[in-house]
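Report on the structure given below.
The values are calculated or read from the model by the stated rules, or taken from the named source; none is laboratory data. If you're wondering where the values come from, they're calculated on a predicted model, not measured in any experiment. Cβ placement follows ideal geometry from the backbone for every residue including glycine, while neighbour counts extend to all protein chains displayed.
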Amino acid sequence: MKTVNEHKDEIVRYGKFLHQTGLVAATDGNLSVRLYDGTFLCTPTLMSKGMMTPEDLVVVDAHGHKVAGCRNVSSEIAMHLFIYRNRPDVGAVVHAHPPTATGFAAAGIPLDSALCSEIVITLGTVPLANYETPGTPELAEALAPLVGDHDAILMANHGVVTYGEDLLTAYMNMETVEHYAKIALVTHMLGRQKPLSDTHVSKLREIRLKYHAQNHVGAGRAED
């Protein structure tokens with residue numbers, strides 16, 4: 001089990017990755033981690049994710065109230081907490097504005113075509129949630145039908161949210177969404193898509209289920 005300081009270092013590291021790879025700009029995006037005591041460590045509002053130090057991070061309770069930290073909490077923590085409440089298996093959440101994937105979100109196009117076997121195995125599909133104002137309860141309501149069955153969601157005219165058992169997984173899911181979006185964009189530019197057949201998709205989904213089951217077993221043993 002990681003210490004709070006280790007989680008802080010990890011958030012700072014992945015915040016830099018988000019900024020350096022162009023998945024966020026300026027003060028965009030936010031990251032959070034579920035702590036062992038039921039609180040949540042998160043990035044502050046109005047700060048570049050590439051310029052943070054561990055001292056800039058904030059701890060909030062299950063209602064989003066700050067319990068530690070010198071900076072203010074992002075209004076979008078409500079979205080993170082909604083995901084944690086509805087997915088007990090989730091240990092970290094990442095929200096970013098990857099340009100290509102956000103372009104699909106702004107165009108109202110979900111990333112739900114089975115174009116690559118690797119994408120089907122890692123993410124399945126990436127659905128599109130209806131637009132709601134960031135930082136409002138309505139945004140959580142828009143995500144509600146999708147959170148349980150997906151690990152990445154496009155938010156119309158807003159960005160992308162990804163999550164996983166730990167911050168590494170949540171971050172990699174974000175990279176995967178943007179990579180997938182770039183591939184999908186090329187097929188749109190070429191004017192043709194050739195998705196995998198339903199039979200092939202079914203086989204890949206079986207692999208995805210086995211992969212996730214093995215990961216959960218491994219995670220459980222690691223904490224024993």
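Note on segment 86-118: residues that are under 19 Å from Lys194 (Cβ atoms) and crowded, with 23+ Cβ neighbours inside 10 Å amount to 2. In the condition set (1) surrounded by fewer than 17 Cβ atoms within 10 Å (Cβ to Cβ); (2) aliphatic (A, V, I, L, M); (3) within 21 Å of Val147 (Cα to Cα), Leu46 is compliant with all but (3). The set of residues in segment 127-156 being buried (at least 18 other Cβ atoms within 10 Å of the Cβ), outside any helix (DSSP H, G or I) and in contact with an Asp or Glu (Cβ under 7 Å, 6 or more places away or on another chain) consists of Glu132 alone.
Only residues that are outside any helix (DSSP H, G or I) and either under 17 Å from Gly135 (Cα atoms) or more than 20 Å from the chain's Cα centre (by Cα) (or both) were counted in segment 59-90, giving 17.
Find all pairs meeting these conditions: Cβ atoms under 7 angstrom apart; at least six residues apart or on different chains; first residue within segment 88-116 and within 30 Å of Asp37 (Cβ to Cβ) and among the charged types (D, E, K, R); second residue surrounded by 17 or more Cβ atoms within 10 Å (Cβ to Cβ) and modelled with pLDDT of 95 or more. Taking only residues 6 or more apart or on different chains, the pairs are Asp89/Glu165. Within segment 1-33, the set of residues being assigned to a loop (DSSP other than H, G, I, E, B), in contact (Cβ under 8 Å) with a residue 24 or more places away in the chain and not β-branched (Val, Ile, Thr) comprises Met1, Gly22, Leu23, Ala25, Asp28, Gly29. Residues in segment 175-202 that are loosely packed, with under 15 Cβ neighbours inside 10 Å, in contact (Cβ under 8 Å) with a residue 60 or more places away in the chain and among the hydroxyl-bearing types (Ser, Thr, Tyr): Thr187 only.
Restricting attention to segment 65-85, the residues that are surrounded by fewer than 16 Cβ atoms within 10 Å (Cβ to Cβ) and of a type in the set (Gly, Ala, Ser) add up to 2. Looking across Val67, Val60, Val24, Val4, one residue alone is touching a Lys or Arg at 6+ places or on another chain (Cβ under 6 Å) and more than 30 Å from Lys182 (Cβ to Cβ). It is Val60.
Restricted to segment 9-30, and to residues that are of a type in the set (A, V, I, L, M) and out of contact with any Leu (no Cβ under 7 Å at 6 or more places or on another chain), which residue is farthest from Ala101 (Cα to Cα)? Once the filter is applied, the top-ranked residue is Val12. Contact map, segment 34-53: residues that are over 14 Å from His7 (Cα atoms) and modelled with pLDDT of 95 or more paired with residues that are surrounded by fewer than 16 Cβ atoms within 10 Å (Cβ to Cβ) and of a type in the set (Lys, Arg), Cβ distance under 9 Å, separation 6+ or inter-chain. Pairs shown: Lys49/Lys16; Gly50/Lys16; Met51/Lys16.
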